[in-house]
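Student: Okay, here's the structure, questions in a sec.
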Amino acid sequence: MNSEAKTLTKNIQKAGFFEKIKPHAELIAAGLSGGLIAAGWILDKYGNGADSIIAYLLAFVIGGFAKAKEGIEATYENKELNVEMLMIFAAIGSAIIGYWTEGAVLIFIFAVSGALETYTMNKSHKEISSLMKLQPEEALLIANGYEKRVPVSVLRIGDFILIKPGERIPSDGIIIKGSTNIDEAAITGESMPVSKGMEENVFAGTVNMTGSITVQVTKASHDTLFHKIILLVQSAQSEKSPSQLFIERFEGTYVKVVLSVVLLMFFLPHFILGWSWQEAFYRAMILLVVASPCALVASIMPATLSAISNGARHGILVKGGVHLENLSHLGAIAFDKTGTLTKGKPEVTEVIVKEGLDKENLIWKAASIESHSNHPLATAIVKYVKLNMNKELLYPENLEDVPGWGVRATINGEQWKIGKAAFIGNDQVDKFAEGKAKDLASLGNTLVFIEINDELSAIIAMKDVVREETKLAIDHLKKQGIRTVMLTGDSEKTARAIAAESHVDEFFAECLPEVKVEKLKTLKTKFKTVAMVGDGINDAPALAIANVGIAMGGGTDVALETADIVLMKNDLPRIAEAIDLSKRMNRIIKQNVIFSITVIMILISSNFFQMLDLPYGVIGHEGSTILVILNSLRLLK
């Protein structure tokens with residue numbers, strides 16, 4: 001390798017390294033600032049005082065650069081001072097009166113809070129990129145009898161596209177040729193694949209599972225249902241909470257009041273009270289230090305981080321303090337069904353066979369046939385047999401998959417048909433086992449019918465069963481006075497059965513993603529603070545627009561990244577524990593805020609009456625901060 005190539009390789013590696021550390025730059029700067037503060041303190045105590053000042057100056061510059069830049073830019077753009085500028089003035093003021101450590105510590109605390117804020121913002125951008133990966137970039141366009149791979153963006157309404165088994169559908173459209181089973185979990189959250197044939201609609205982002213289909217495009221790429229999901233997530237994330245808006249207004253007022261009072265203390269006490277210019281300046285600098293919101297910052301962040309750490313140890317991952325805070329105010333919680341209240345995979349719940357037939361032998365042969373299919377229902381039958389029988393499966397003499405209907409097979413000379421009711425014949429189904437099929441369907445079961453030698457011989461009922469811990473979790477939430485609601489893309493019949501079994505207060509069936517969002521908005525109007533619990537791509541917009549989005553740890557990447565809280569072990573009862581933790585955290589934050597404001601007011605008053613010297617002001621200011629942090633650490637237990 002020549003020298004130019006080596007240089008290019010090194011430059012690329014350096015660029016890659018800096019790209020990796022860029023999202024963590026502020027946190028690294030805060031860490032360096034903290035290290036320099038420690039070095040400055042050691043040098044001041046055991047070494048050269050001039051060297052300690054150099055260490056403190058470096059701590060100021062490294063730790064405060066990002067927030068100072070942000071504060072100056074925001075002040076220039078909004079023509080209004082902000083808390084960032086106040087912290088900078090307080091740090092400089094403390095340095096002017098000789099308290100370099102105080103100024104550096106203020107910068108350090110603010111640098112850490114800024115780094116955590118930046119980290120949270122970076123995480124939110126990943127959600128949209130995760131969604132975009134599920135949108136196919138290319139489609140197989142059919143034009144003039146030829147097939148051609150083209151970018152999805154060039155597709156126009158009326159174009160014909162071919163979608164093969166296993167491919168994601170690139171655009172919304174209508175089937176004009178072929179039939180298949182489609183996994184629509186990305187859109188509806190429904191765990192069971194949907195059979196689709198001629199003249200039926202398909203959606204971008206869903207998966208074609210079995211047959212090849214030709215689809216006529218009905219919507220442009222920017223107008224598909226999947227694209228609307230992305231827009232809904234973006235829109236919901238851009239909304240600011242009322243508490244956030246209040247804090248922003250409070251910050252502006254706080255800065256103006258403090259700086260105005262400091263400015264007045266430069267002049268008024270000299271002319272009105274007869275203070276010397278030196279005394280007035282000294283008191284103004286003390287005011288700037290003791291009035292800095294160091295204790296107020298410490299009132300919230302350590303408590304929040306302690307509560308988040310506590311939750312993480314118990315399988316509750318919280319992405320920010322505001323989300324944990326909101327949990328204690330919940331009036332209602334909406335749950336997705338599939339994969340949240342239920343396990344997300346169909347299981348055999350009942351097998352009914354014709355009188356005179358051997359049930360075990362029949363289900364064994366059925367599993368032998370279904371083992372050659374990758375359909376979720378077929379997989380459930382095979383799993384049921386393997387769990388309950390210790391027998392090797394047979395190999396059918398011949399087998400034919402009929403997309404959208406079922407399967408035909410010959411086994412031991414018998415002609416078998418396994419599939420939906422219409423594949424077997426609805427007349428036989430209605431008469432079989434005294435109409436038991438209707439009863440099973442009313443309980444939310446999906447039914448598979450088995451015909452042997454042209455005679456209906458068995459029904460296998462399967463259902464996405466409710467998790468064992470679901471009822472316990474819902475009952476705990478009800479005891480806390482929280483309304484529980486189920487939102488699902490399933491049919492009314494299935495939704496009603498699952499709602500009754502899981503103990504939720506009410507349910508809404510056949511909910512597409514935009515319908516879930518509308519239901520969430522209605523619930524927010526009625527109950528003010530609402531949480532959404534889900535695990536699928538289709539839940540992402542609802543998770544984003546809820547006051548608190550809660551994702552199951554085993555869910556999709558998009559749900560995990562969109563949610564504010566993640567239940568790492570899919571453990572629903574942890575929601576009640578998280579609410580209790582939220583209430584404890586809010587109590588401690590209130591204690592801290594009241595205590596810190598009281599101390600600040602006492603210090604300000606004492607300074608005005610010339611009863612407070614700088615060392616005692618420092619002790620009061622830093623001592624209150626330490627006490628607030630110690631109180632917050634109680635949340636670790």
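The values are calculated or read from the model by the stated rules, or taken from the named source; none is laboratory data. From a predicted model like this one, the values you see are computed outputs, not experimental measurements. Positions of Cβ are backbone-derived with ideal geometry, glycine not excepted, and every protein chain shown enters the neighbour counts. Note: accessible area is taken over every heavy atom of the protein model, side chains too, but ligands, DNA and RNA are not part of it. Shrake-Rupley method; radii C 1.70, N 1.55, O 1.52, S 1.80 Å.
Student: With θ set to phi - 60° and the Karplus curve 6.51 cos²θ - 1.76 cosθ + 1.60, what are the ³J(HN,Hα) couplings of the stretch 353-361 in order, to the nearest whole Hz, using x for Gly and Pro?
Tutor: 10, 5, 4, x, 9, 7, 4, 5, 5
Student: At a threshold of 8 angstrom on Cα-Cα distance, excluding pairs fewer than six apart, so keeping six or more, what relative contact order does the stretch 400-539 reach in percent?
Tutor: Details: 181 pairs, mean separation 21.6, N = 140.
Averaging sequence separation for qualifying contacts and normalising by length gives 15 percent for the stretch 400-539.
Student: Which shape class, rounded, prolate or oblate, goes with the stretch 487-591 when its Cα gyration tensor gives a ≥ b ≥ c as root eigenvalues, a/c under 1.5 marks rounded, and past that a/b bigger than b/c marks prolate? Show your work: numbers first, answer last.
Tutor: Working: a/c = 1.63, a/b = 1.54, b/c = 1.05.
Verdict is prolate for the stretch 487-591.
Student: Shifting gears a bit: Treating cross-link reach as a plain straight distance, find the aspartates and glutamates whose alpha-carbon is under 16 Å from the alpha-carbon of residue 516, omitting any fewer than eight places away in the same chain.
Tutor: Excluding near neighbours in sequence, the set is 184, 190, 336, 490, 492, 506, 535, 539.
Student: Applying a 10 Å radius around every beta-carbon, put 398-406, 57-65 in order of their mean neighbour count, most first. Mind showing how you got there, number by number?
Tutor: Values: 398-406: 17.2, 57-65: 21.7.
Highest-to-lowest ranking by the protection proxy: 57-65, 398-406.
Student: Write down the accessible area per residue of the stretch 477-585 in Å², having rolled a 1.4 Å probe over the full set of protein chains. Write down the numbers at each step before the final one.
Tutor: Values: 3900 Å² over 109 residues.
Accessible surface, normalised per residue, equals 36 Å².
Student: Straight-line reach only, C-alpha to C-alpha below 18 angstrom: list the aspartates and glutamates that residue 354 could link to, leaving out same-chain residues fewer than 8 apart.
Tutor: 414, 427, 430, 434, 439, 451, 454, 455
Student: With only Lys, Arg, Asp and Glu charged, each at its Cβ (+1 for the first two, -1 for the last two), find how big the charge dipole of the stretch 368-472 is about the Cα centre; round to the nearest 20 debye.
Tutor: Working: 12 positive and 16 negative charges, 82 e Å.
Rounded to the nearest 20 debye, it is 400 debye.
Student: While we're looking at this one, here's another question. Strictly over 25 Å apart at the Cα level, which of 177/431; 177/343; 345/365; 148/177 would you flag in this model?
Tutor: Working: 177/431 34 Å; 177/343 34 Å; 345/365 22 Å; 148/177 18 Å.
Result: 177/431; 177/343 exceed 25 Å.
Student: With the cut-off at 23 Å, tell me which of the pairs 528/583; 479/590; 196/463 have Cα atoms farther apart than that. Mind dumping the intermediate values first?
Tutor: Details: 528/583 17 Å; 479/590 25 Å; 196/463 21 Å.
Exceeds cut-off: 479/590.
Student: Tell me, what are the semi-axes, in whole angstrom and largest first, of the equivalent ellipsoid of the stretch 426-472 as set by the roots of 5 times the Cα gyration tensor eigenvalues?
Tutor: Over the Cα atoms of the stretch 426-472, the ellipsoid semi-axes are 27, 11, 6 Å.
Student: Under the rule a/c < 1.5 gives rounded, and otherwise a/b versus b/c splits prolate from oblate, where does the stretch 302-448 land using the Cα gyration tensor? Mind dumping the intermediate values first?
Tutor: Values: a/c = 3.32, a/b = 2.37, b/c = 1.40.
Cα axes put the stretch 302-448 in the prolate bin.
Student: Averaged over all directions, how much area does the convex hull of the C-alpha atoms of the stretch 435-515 cover when projected, in nm²?
Tutor: Values: hull surface 27.7 nm².
Mean projected area for the stretch 435-515: 6.9 nm², to one decimal.
Student: Right, something else. Please report the projected area of the stretch 362-455's Cα convex hull averaged over all directions, in nm².
Tutor: Average projection, Cα convex hull of the stretch 362-455: 6.3 nm².
Student: When only Cα pairs under 8 Å and 6 or more residues apart are kept, what is the percent relative contact order across the stretch 54-107?
Tutor: Numbers: 46 pairs, mean separation 19.4, N = 54.
Contact order relative to length: 36 percent.
Student: So how do 163-175, 528-540, 593-605, 143-155 stack up, highest first, on mean other-Cβ count within 10 Å?
Tutor: Details: 163-175: 20.0, 528-540: 27.4, 593-605: 16.2, 143-155: 11.2.
The most tightly packed comes first, giving 528-540, 163-175, 593-605, 143-155.
Student: How big is the gap, in Å, between the Cα center of the stretch 289-362 and the Cα center of the stretch 447-487?
Tutor: Between the Cα centres of the stretch 289-362 and the stretch 447-487 lies a distance of 20 Å.
Student: Another question, if that's okay. Report ³J(HN,Hα) in whole Hz for each residue of the stretch 152-159, in order, from the Karplus equation J = 6.51 cos²θ - 1.76 cosθ + 1.60 where θ = phi - 60°; Gly and Pro get x.
Tutor: Taking θ as phi minus 60°, the curve returns 4, 4, 8, 5, 10, 4, x, 5 Hz for the stretch 152-159.
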